[in-house]
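The values are calculated or read from the model by the stated rules, or taken from the named source; none is laboratory data. Nothing here was measured: the structure is a model prediction, and the numbers come from that model. Cβ placement follows ideal geometry from the backbone for every residue including glycine, while neighbour counts extend to all protein chains displayed.
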Amino acid sequence: MKSELQSWSPTELIWAIGASNAITSLTAVLFAILSWRQALSVSNQRYAMVLVVTGILVGLTAEIALRRGARSRRWPDSVLSAPRRFLEHPALIGFSWSMFLVALLYCIVSPLQNAALAAIFMALPFSFMRADNYLRPRQQVTGGGSGAALYSGEPLNSDHWKAASH
């Protein structure tokens, strides 16, 4: 599957990430609703777990392919502009915040043993945040700026610690 994903465009990888995480989140929602009603049979639990694990694996594999492609500069900026615009769209940002609120509400109203499922609600927003980070152009750090003063390349001198301990 990895070799197949290497030939995909960034837009296709973003859609694969979104679809796989949406399947994972929807399965978790159905799992939570059915477990509240205790109407989830063992066979249905297995199907739900297979869907969740498959969704997570496909999403992570697509994220890895996107990260490798962006870091190796396989795609020009013109190809990356459409996925960047999609990831920065206000509707997607609003959706991410709404999923955060759903996860928070789920933690509040669910029984304690099911509260961990709230993390599944954040799978899609976190995947999109990581993808946005992968596609963001890297900024070059030049010498002489404020960041250059943070690390001079010399080891830290701890003589003042020795003086303070005596």
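Of the residues making up segment 69-80, those that are among the basic types (Lys, Arg) and without any contact (Cβ under 8 Å) to a residue 60 or more places away in the chain are Arg73, Arg74.
Within segment 21-45, being at pLDDT 80 or above and farther than 28 Å from Arg136 by Cα holds for Leu26, Thr27.
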